[in-house]
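Have a look at the structure below, then the notes.
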Amino acid sequence: MTQHLLILPILLPFLTGALLLFSSEARHGWRALFALFATLAQLAVALALLAGIDGWIATPWQGGVTVYALGNWAAPFGIVLVADHLATLMLTLTSIVGLATLVYALARWEHAGSHFLPLFQFLLMGLNGTFLTGDLFNLFVFFEVLLAASYGLALHASGVPRVKTGLHYIVVNLVASLVFLVAAALIYGVTGTLNMAEIALAVPRLDADARALFEIGALLLGIVFLVKAGAWPLNFWLPATYAAATPPVGAVFAILTKVGVYALLRFSILFGQDVAPAPFKGDWLFFCGLATIAVGTLGVLAAQKLDRLGGFMVVVSSGTLLAAFGFTGTTLTAPALYYLASSVLGSGAFFMLIELAERNRTAAADLLAISFEAFGLQDRHELEHPGEMAGVAIPAAMAFLGLAFFSCAAVLSGLPPLSGFVAKFALLKAAIAAPPVAPALNAGLLFTALLLSGLAALIALSRLGIRVFWDSERPTPRLQWLEAGPVAALVLLCFALAFGAGPAMAYFDAAARALHDPATYIGVVLSGGRP
Amino acid sequence: MEVVFAIAIGVMAGSGIYLLLRPRTFQVIMGLSLLSYAVNLFIFGMARLRIGAAPVIDATRSADPALYADPVPQALVLTAIVIGFAVTALLLVVLLAARGLSGTDHVDGREPEQE
């Protein structure tokens, strides 16, 4: 029975989304409850997988890797799903952020357009599938599933800025998808397989001509992942799109860039640490990451509005991860995974928080009103009293917002005592310990980049924070529990990640160890999960 | 045959990229379509070009793999066509929405200033 657990993260959102698509929008309460329940179930499945992989509960899985053969076709012939430490970590992060944003969206934003709930479930399905799949072309298909859903979500609630940035977003990602297809075809053409584990075995056996073609294919694949990850100079679409998207969508998009980072990491190790082509590793990736941090930092300093600031913070965190993975040696992988978890939770909370804080800005209210009109979905009393909402408003809204903003700022800029600090500290410690094998110059550059980007984030966040929170002209926003709850939950998780840094780091260490031991992964996949 | 095939892919990809870089949304979508044709042909070509070889095993012929074309790239092309078609349709809707909302078919949603 337990072996079927692995298909659930894909099947659950798929069926939920399909059912929601065909149920009438009039039954609003039931739909919301159903979506909520399904997302909770996904979280439970992800946690069960996490516990199984890490050995907390007894399972027949070995070596921390488990394989699910779709249609019971063994590995090189059929498509397999593979779960290991990294994949389950990403699954868990996805469902946590997904659940938080779903609850948040139910309070208000879900009504701002049509089909939010099904699209959201399809996005989760695409994300889960991307993390689980062990097949190159299947990876492309899940990329398309999550991108198609994200196009719809980016345009949710419509409005001129969203359609304008959405158009750029869609075109950039369509081109990236075409490049992905060329890359997959080239790799298939020379290796004769699409199974990721078998590609890893086939690469060292290629002769010089085929090797050159493979390198071109891998290069194109790397470029696609760098586009998804938002690496400079392929990220001009990112801040505008993230800023224009509705807040819950922005929050769940925080994990979308991490998909590119995840894929880069996975393939760099499968292609072989020493022989992987340029975009996947080494100085090339390291300096690309540094450039991304630099551009993101400049953007953070220049941002005039909190939502654009959030977009650039995502760029900075992508850059940090790329630089860490490009750094010589493997010691930075575990701290980088910790940083990934912390930054996903932090930026997810931040995107939701800024909308709460800026709620009374008239421009946003106008935009919302327009989209309500465009979709003809408005509640009559909501139009009459746009400021007043159903549900119980929580007391001391300003105090809550201030505290949450401070915590998010601490996580994103890397101040103690929150998880952002632990993550940056661990990264820097590993970088300092590295110089015997890594050039001291690189360690110094990473050190400078991390500290400067943290300082810039702190300056920008406090400047904009003062403008938002110490403005006596601004009326106090009314908050609902449904909206404040998810933000508080994500912030509390950052606290938990910081105070439980020991056990968390142990897991990330195990993940890094498993990741840098591709032989186990390949062995388990190609033997069909049997001992 | 290979040369003709390669030139066809090259011409389509080249025209596609040129159109993709044009400022009007209609040109962009035409460019994307041409580019996706080129990519589909390219995937097809990755199975090595063969004449008179079916990708499906025929009961009346022997099961020798040399008699058949590689079926995997053909399956990939089918998937790619379906996905490409769906996403192009979606882009078309967004394009129309952008035209309606901004009143211009420029990709940036506003006309460049006249010099």
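The values are calculated or read from the model by the stated rules, or taken from the named source; none is laboratory data. What you see is a predicted model; the values in this text were computed from it and never measured. Here the Cβ positions follow ideal geometry from the backbone for every residue, glycine too, while neighbour counts run over all protein chains shown. These area figures cover heavy atoms from the full protein model, side chains too; ligands, DNA and RNA do not enter into them. Shrake-Rupley method; radii C 1.70, N 1.55, O 1.52, S 1.80 Å.
If one takes the longest principal axis of the Cα atoms in chain A, at what angle in degrees, from 0 to 90 and to the nearest 10, does the Cα axis of helix A:256-270 lie?
That helix lies at roughly 10 degrees to the long axis.
At 1.4 Å probe size, with every protein chain present, just tell me what the per residue accessible area of the range B:2-102 comes to in Å². All intermediate terms of the calculation are to be shown ahead of the outcome.
Working: 5820 Å² over 101 residues.
Counting only protein heavy atoms, the per-residue value for the range B:2-102 is 58 Å².
Could you sort A:269, B:81 by accessible area so the largest value comes first, with the probe set to 1.4 Å?
Values: A:269 10, B:81 80 Å².
From most accessible down to least: B:81, A:269.
Per-residue accessible area for residue A:432 at 1.4 Å probe radius, Å² rounded to 10?
Spelled out: residue A:432, probe radius 1.4 Å, area about 100 Å².
So what's the net charge close to residue A:137: Lys and Arg +1, Asp and Glu -1, counting the other residues with Cβ under 14 Å from its Cβ? Could you put the intermediate results ahead of the total?
On the way: positive: none; negative: A:135, A:144, A:198, B:70.
Once positives and negatives cancel, what remains is -4.
Would you mind checking the tilt of helix A:397-413 against the longest principal axis of the Cα atoms of chain A, expressed as 0 to 90 degrees and rounded to 10?
20 degrees
Which net charge results when you count Lys and Arg as +1 and Asp and Glu as -1 among the other residues whose beta-carbon is under 14 Å from that of residue A:258?
Details: positive: A:228, A:266; negative: none.
Counting the neighbours of residue A:258, the net charge comes to +2.
Counting only the heavy atoms of the protein chains, how much of residue A:288 is accessible to a 1.4 Å probe, in Å² to the nearest 10?
So the heavy atoms of residue A:288 present about 20 Å² to solvent.
Is the shape of the range B:2-102 best called rounded, prolate or oblate, per the rule: a/c under 1.5 gives rounded, else a/b larger than b/c gives prolate, else oblate, with a ≥ b ≥ c the square roots of the Cα gyration tensor eigenvalues?
Numbers: a/c = 5.71, a/b = 2.16, b/c = 2.65.
Oblate shape, in that a/c is at least 1.5 and b/c is the bigger or equal ratio.
So if I take the alpha carbon set of the range A:121-164, get Rg, then get Rh from the Kirkwood formula, what is the Rg over Rh ratio?
Numbers: Rg = 12.4 Å, Rh = 11.0 Å.
Dividing the radius of gyration by the Kirkwood radius yields 1.13.
Can you give me the orientation-averaged projected area of the convex hull built on the Cα atoms of the range A:115-247, in nm²? Intermediate results must be reported in sequence, preceding the final value.
Numbers: hull surface 33.2 nm².
Answer in nm², one decimal: 8.3.
Mind checking Rg over Rh on chain A, alpha carbons, Kirkwood formula for Rh? Can you show the working numbers first?
On the way: Rg = 22.3 Å, Rh = 23.3 Å.
Using Cα coordinates only, the ratio equals 0.96.
Order the following by accessible area, largest value first: A:92, B:88. Probe radius 1.4 Å; ligands, DNA and RNA are ignored. Working shown, then result.
Details: A:92 10, B:88 45 Å².
Largest accessible area first, the list is B:88, A:92.
Work out the mean other chain Cβ neighbour count within 10 Å for the residues of B:92-98 and drop it here as an integer.
Working: counts 0, 2, 12, 4, 1, 8, 6.
If you average over the peptide's residues, the count of other-chain Cβ atoms is 5.
Once neighbouring chains are kept in place and the probe is 1.4 Å, which whole percent of the accessible area of the range B:2-102 is contributed by carbon and sulfur?
Numbers: 4370 of 5820 Å².
Taking all protein chains in place, the range B:2-102 shows 75 percent carbon and sulfur surface.
Arrange the residues A:215, A:144 by how much accessible surface each exposes, largest first, with a 1.4 angstrom probe.
Numbers: A:215 60, A:144 10 Å².
Largest accessible area first, the list is A:215, A:144.
Can you tell me the 0 to 90 degree angle between the C-alpha axis of helix A:8-22 and the longest principal axis of chain A, rounded to 10?
So the inclination is approximately 40 degrees.
Mind grabbing the accessible area of residue A:207 for me, 1.4 Å probe, Å², rounded to tens?
Per-residue accessible area (residue A:207): approximately 100 Å².
Using only C-alpha atoms and all pairs of different ones, pull out the Kirkwood radius for the range B:68-115 in Å with one decimal.
Values: mean 1/r = 0.0745 Å⁻¹.
Hydrodynamic radius (Kirkwood, Cα only) of the range B:68-115 equals 13.4 Å.
Across the range A:166-212, what fraction of all alpha-carbon pairs, as a whole percent, falls in each successive 10 Å bin from zero upward?
With 10 Å bins starting at 0, P(r) equals 25, 39, 21, 13, 1.
Among B:97, B:38, B:59, determine the one that fluctuates most according to a GNM of chain B built with springs between C-alpha atoms less than 10 Å apart.
B:59
Keeping the other protein chains in place, figure out the carbon and sulfur percent of the accessible area of chain A, with a 1.4 Å probe.
Numbers: 13570 of 19330 Å².
Ligands and nucleic acids excluded, carbon and sulfur give 70 percent.
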